[in-house]
Amino acid sequence: MVNPLIEVRGLSYSIGERAVLSGISFSVARGGFLAVIGPNGAGKSTLLKCVGGLRPGAAGEVMIEGLSITQMTERERARRIAWLHQSGGDALPFTVRQFAMMSRYPWRPVLSGESEEDRFIVDGALARAGVEELAERSLDTLSGGERQRALLAAALAQGTDILFLDEPTSFLDYRQQVEMMALVEGINREGMTVLMVTHDINLALHGSGGILAIKEGRARWHGTTDELLGGSALADIFDTEFEFFRRGEQRRPYAVPRGFVS
Ligand SMILES: Nc1ncnc2c1ncn2[C@@H]1O[C@H](COP(=O)(O)OP(=O)(O)OP(=O)(O)O)[C@@H](O)[C@H]1O
């Protein structure tokens, strides 16, 4: 890949004596969408935190547009990478607009208030995530799906070119999952580079061109969704057999554990 936006080489991370990640390498082109899949405890969230510079003890290299993540200040990282985590029942006592406005901090001079430009960007982010009508609602009064869209609006308001997603639909019902993934795909098509970790293969198949599978902290497979469906990698990674289907006008693939359909 010529000049990838995100480049990870030989990433390893240990907690105490235990190696949680070992020698992981991959890259993501500008505007790309890479899904990292793997079973529970594979090291997916830890990988995302290491790539995002939140685990300073990690060995190996993480470069964002050629700049080492370890050389970047927190503010510089926040100008490049926005995060959307899985959202549980807890929520902060801020309105949707206030929370999105806080995301503007990496761009604001220290101790300065919100600018006209901040307000314009926040309004655009609220509209893009479909939460304009919730703008004055407190985050702790929203349903799980509404809250996740509000958090996505805040991530967009941050004005980064990279979005990290950690199990973004974990607590959402099916309709909300579909809506959230459609939003993320749309944002990716508009140019945002996306790195998503999930244990849900169908989220990965739905949203991405590239898939990296990890198990026990090691990269086990890396390729496109179509390549994944042609081989036995999924069964090896999740220790269960899958059936694959293609449906709809776009012949999108999805996978169901064989035990569910036999
Ligand atoms: N702060 C920590 N202290 C001790 N062990 C940790 C810590 N963080 C992660 N681990 C361990 O590292 C391993 C990888 O955890 P991680 O959360 O990255 O996995 P994951 O693939 O995201 O899992 P899941 O899909 O269940 O969320 C697990 O065995 C976990 O218990």
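The values are calculated or read from the model by the stated rules, or taken from the named source; none is laboratory data. Here the structure is a predicted model, which means the values were calculated and not measured. Backbone-built Cβ (ideal geometry, glycine too); neighbour counts: all protein chains shown. Calculation scope for accessible area: heavy atoms of the full protein, side chains included, ligands and nucleic acids excluded. Shrake-Rupley method; radii C 1.70, N 1.55, O 1.52, S 1.80 Å.
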If you take just the helices (runs of 4 or more DSSP H) that sit entirely in segment 1-118, which of them hold at least 1 residues that are within 16 Å of the ligand (Cβ to nearest atom) and of a type in the set (Ser, Thr, Tyr)? 44-51
Filter segment 171-197 down to residues that are of a type in the set (Val, Ile, Thr) and crowded, with 19+ Cβ neighbours inside 10 Å and give me whichever is nearest to Ala125 (Cα to Cα). Val184
Can you give me the number of residues within segment 242-262 that are open to solvent by 100 Å² or more (accessible area, probe 1.4 Å) and either among the acidic types (Asp, Glu) or part of a strand (DSSP E or B) (or both)? 2
For segment 222-241, which residues satisfy the criterion of being part of a strand (DSSP E or B) and exposed (fewer than 13 other Cβ atoms within 10 Å of the Cβ)? Thr224
Any idea which of Ser25, Ser12 is open to solvent by 30 Å² or more (accessible area, probe 1.4 Å) and touching a Lys or Arg at 6+ places or on another chain (Cβ under 6 Å)? Ser25
Within segment 125-145, can you find the residues that are under 14 Å from Met180 (Cβ atoms) and open to solvent by 50 Å² or more (accessible area, probe 1.4 Å)? Arg128, Ser143
Set Ile162, Ile201: member being away from the ligand (no atom under 16 Å from the Cβ) and β-branched (Val, Ile, Thr): Ile162
Scan segment 50-69 residue by residue and report those that are surrounded by fewer than 17 Cβ atoms within 10 Å (Cβ to Cβ) and without any contact (Cβ under 8 Å) to a residue 40 or more places away in the chain. Leu54, Pro56, Leu67, Ser68
With surrounded by fewer than 17 Cβ atoms within 10 Å (Cβ to Cβ), under 24 Å from Ala35 (Cβ atoms) and in contact with a strand residue (DSSP E or B) (Cβ under 9 Å, 6 or more places away or on another chain) as the only criterion, which of Asp161, Asp166 stands out? Asp161
Test: residue in segment 214-221 that is in contact with an Asp or Glu (Cβ under 6 Å, 6 or more places away or on another chain), among the aliphatic types (A, V, I, L, M) and crowded, with 20+ Cβ neighbours inside 10 Å: no
